1. If packing is taken as the mean number of other Cβ atoms within 10 Å per residue, what is the order of 97-108, 52-63, highest first?
2. Under the Karplus relation 6.51 cos²θ - 1.76 cosθ + 1.60, θ = phi - 60°, what is the ordered set of whole-Hz ³J(HN,Hα) values for segment 100-117, x standing for Gly and Pro?
3. Under a Cβ-only charge scheme (Lys and Arg +1, Asp and Glu -1), can you give me the dipole magnitude of segment 24-106 about the Cα centre, in debye to the nearest 20?
Amino acid sequence: MKKHDPRHGHLAEVWGDTVDLRHLAWSIAIGLVVSLACFLLASHLLADRVGSAALARAYAMLAGLAGCVLSGVICGALFPPKREVVEDGAADPSWRQEVLNELAAQSGGLGAVAELPPSVVSEMKALHLYELFATSQPTVPDAAVASSGIAPSARAREPGMPQVALPTTEE
């Protein structure tokens, strides 16, 4: 467990995630109480109803596991994440072009933004990704696409037909 910024003395890093130590303590307590209560309640209810004591205990342990999941849901609702995602606008944009080149090299290519549903387009615009994908679209006509080896992602696709990226040839 690694302590974070001294200004936030109650935050720590546990298993690669930032946690509030007070919320962590409460989560452990809630998990203990809920899972143990589910186990003991199921154990008490099943003791008389199930013929075998071992089977009743196994079902009670299953109920305890369900209590663990329930306590996770409760703690997730009570304690919001402590992550701060900060995007630096001054980062080098060349890595984006590298990622686009890798995606275009995969079978199926990038596809065309004109083929996307409006909900995806609006989400891409909100994330400032639409312009990046729109400018990286091939602007070569279909005949040139077929002869140049560029993936046929910008052309119309027939439903149910597999898409194959043509290999690029160097001349």
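1. Per-residue Cβ counts within 10 Å, averaged per peptide and sorted highest first, yield 52-63, 97-108.
2. Going residue by residue, I get 4, 5, 5, 5, 5, 6, 6, 5, x, x, 7, x, 10, 5, 5, 7, 7, x Hz, with x marking Gly and Pro.
3. Details: 5 positive and 7 negative charges, 136 e Å.
Taking the Cα centre of segment 24-106 as origin, the dipole is about 660 debye.
No value in this document is a laboratory result; all are computed from the given coordinates. Just so we're clear, the structure is a prediction, and the values are computed from it rather than from any experiment. Every residue, glycine among them, receives a Cβ derived from its backbone with ideal geometry; neighbour counts consider all protein chains shown.
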